[in-house]
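Take a look at the structure below.
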Amino acid sequence: MMNNFFLEKVVLPLGDLLLKSNFIKNLKFWRSFDSLSELDIKKHQNKQLKYQLLYAQKYLLKYKNIKIDTSKTAEEILKLFPILNKNDLRSNPLSLQVKTKQKNFKIYSSGSTGVSTWVSMDSSDLMSIQSLSIHLWELCGYKLGEPIVQTGMSPKRSRLKKLKDIFFRVYYISAFSLSDKDLKSICFKLSMKKNCSLVGYPSSLNIIAEYVIENNIKLRLKTVIGFGDKLFDHYKNNIQQAFGCKIHETYGSSEGFQIGFQSDLDYMYLYTPQVYMELLDDNNNPVKDGEIGNVVVTRLDNKNMPLIRYKLGDLAVMLPRNKYPANRKYNFPLIEKVIGRNTDIVLLPDNRKLIVHSFTGIFEYIQEIKQFKIIQKDRKSILVQYIPDEDFTKEVLTIVKVKLQKIIMNDDFKIMFEEVSKIKGTKSGKPQIIESHIV
């Protein structure tokens with residue numbers, strides 16, 4: 001409690017004063033939505049969406065020719081704007097950027113979809129997203145001022161980030177490679193701190209969890225929060241077994257979107273104060289709740305480079321209203337599941353789609369295969385790359401093939417296997433279970 005009080009009442013206000021920033025003000029703003037009704041949250045979202053669309057039409061070259069009837073609703077106006085994809089962002093970013101004398105910062109995406117892009121933010125936009133990131137951690141069980149162990153992709157921390165780590169009591173480690181020495185040090189840090197939270201990429205959190213289980217280390221954490229890559233079921237099981245607490249998944253993107261978070265439910269809350277999300281089919285028509293759609297998002301809190309109807313390259317499903325739990329902690333809409341990138345599916349000849357969990361649900365019980373990856377280049381076949389583990393025999397592949405055929409249900413669909421010594425991840429270092437080359 002003392003750490004929290006000192007941080008919020010002394011350290012952060014002083015930091016805002018010295019840096020001419022408004023972290024605390026932003027944090028209080030995001031916290032204000034926690035107790036609002038569903039109606040009030042929706043009113044705010046509609047108001048901000050309409051404001052953002054009018055702002056973009058006025059200041060951005062790309063949208064100058066859009067004729068807007070201000071008597072229309074925000075959702076009606078939104079349909080006048082084209083879908084924006086990563087190639088659009090990469091080819092002509094200046095048409096999407098507001099001309100200003102303020103200092104701008106380029107924020108680069110990881111390139112995990114194969115296309116690396118950047119967005120421009122000023123200090124106000126950055127502070128808004130950074131304060132919201134902390135608040136989503138709060139909604140996942142973290143309390144400001146409590147110790148955190150965080151894994152990330154920044155091998156070198158800037159001076160400002162190092163200062164932030166000190167005041168926020170963050171022990172930061174690179175997730176690029178974790179040696180036994182690193183893992184031993186991490187576990188020591190976790191064991192020495194009370195009410196400690198573990199935050200980072202689920203793939204790296206799983207490595208730590210496996211080390212804890214294998215070495216029979218007794219650890220109890222307050223909460224574990226995952227972001228940045230997929231939380232597979234076997235990751236979740238390992239993490240909860242190792243640390244004796246629930247892992248909360250969050251969903252966002254490096255382009256400045258904080259889209260969803262888990263708290264009291266297995267479903268994910270859609271954070272509508274900051275983002276307006278559409279789920280569209282391949283013809284850009286809205287899909288029904290309960291159906292898979294392409295994630296298209298509009299950020300509501302930035303001014304330097306407003307991203308309108310930005311297609312992330314992910315797939316998700318909204319939970320139908322008739323499936324909502326009787327009680328939920330917050331009044332935000334519910335996402336049934338985030339499937340991942342649109343290259344994270346296998347397309348079958350009859351247009352059925354197999355998601356990552358179609359395969360992880362099989363391979364998690366095949367102990368003789370250490371790691372696998374599915375590669376699809378046409379609708380008639382897949383290639384299964386695999387790294388064999390101890391006790392592996394060729395009969396294992398026959399078992400896998402039979403299990404896969406049961407879900408594929410097409411005898412003409414070819415399932416091929418390739419033994420490899422290493423399976424490459426994405427450029428960002430994140431794991432990739434399915435690699436699709438089908439456009």
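Does M277 fit the bill of being over 19 Å from D229 (Cβ atoms), part of a loop (DSSP other than H, G, I, E, B), of a type in the set (A, V, I, L, M, F, W, C) and touching a strand residue (DSSP E or B) at 6+ places or on another chain (Cβ under 6 Å)?
When the stated conditions are applied, M277 does not pass them.
From I339, I366, grab the single residue that is in a loop (DSSP other than H, G, I, E, B), touching a residue at least 24 places away in the same chain (Cβ under 8 Å) and either on the phi < 0 side of the Ramachandran plot or not acidic (D, E) (or both).
None of the others qualify; the one that does is I366.
Among the numbered criteria (1) open to solvent by 60 Å² or more (accessible area, probe 1.4 Å); (2) at pLDDT 80 or above; (3) of a type outside the set (F, W, Y), which single criterion is violated by K156?
(2)
Scan the stretch 14-29 for residues that are of a type outside the set (V, I, T) and either touching a strand residue (DSSP E or B) at 6+ places or on another chain (Cβ under 6 Å) or open to solvent by less than 50 Å² (accessible area, probe 1.4 Å) (or both) and jot them down.
Matches in the stretch 14-29: G15, D16, S21, F23, N26, L27.
Taking C245 and the conditions (1) open to solvent by less than 30 Å² (accessible area, probe 1.4 Å); (2) touching a strand residue (DSSP E or B) at 6+ places or on another chain (Cβ under 9 Å); (3) under 23 Å from N331 (Cα atoms); (4) not β-branched (V, I, T), which numbered condition does it fall short on, given that it satisfies the others?
Of (1) open to solvent by less than 30 Å² (accessible area, probe 1.4 Å); (2) touching a strand residue (DSSP E or B) at 6+ places or on another chain (Cβ under 9 Å); (3) under 23 Å from N331 (Cα atoms); (4) not β-branched (V, I, T), only one is false for C245: (3).
Return the residues of the stretch 316-338 that are open to solvent by less than 10 Å² (accessible area, probe 1.4 Å) and closer than 24 Å to D233 by Cα; say none if nothing qualifies.
A316, V317, L319, L334, I335
Can you name every residue in the stretch 208-228 that is out of contact with any Cys (no Cβ under 9 Å at 6 or more places or on another chain) and surrounded by fewer than 20 Cβ atoms within 10 Å (Cβ to Cβ)?
Matches in the stretch 208-228: E210, I213, E214, N216, K218.
Only one of S203, S185 is under 24 Å from T117 (Cα atoms) and assigned to a helix (DSSP H, G or I); which?
Within the list S203, S185, the selection yields S203.
Kindly check whether there is at least one residue in the stretch 284-295 that is closer than 30 Å to K99 by Cα, outside any loop (DSSP other than H, G, I, E, B) and open to solvent by less than 10 Å² (accessible area, probe 1.4 Å).
Yes; the residues of the stretch 284-295 include at least one that is closer than 30 Å to K99 by Cα, outside any loop (DSSP other than H, G, I, E, B) and open to solvent by less than 10 Å² (accessible area, probe 1.4 Å).
The values are calculated or read from the model by the stated rules, or taken from the named source; none is laboratory data. This one's a predicted model, so the numbers in the text were calculated from it and none came from an experiment. Cβ coordinates were reconstructed from backbone atoms using ideal geometry, including for glycine residues, and neighbour counts include every protein chain displayed. For the accessible areas, the whole protein counts, side chains as well, though only heavy atoms, and no ligand, DNA or RNA atoms are used. Shrake-Rupley method; radii C 1.70, N 1.55, O 1.52, S 1.80 Å.
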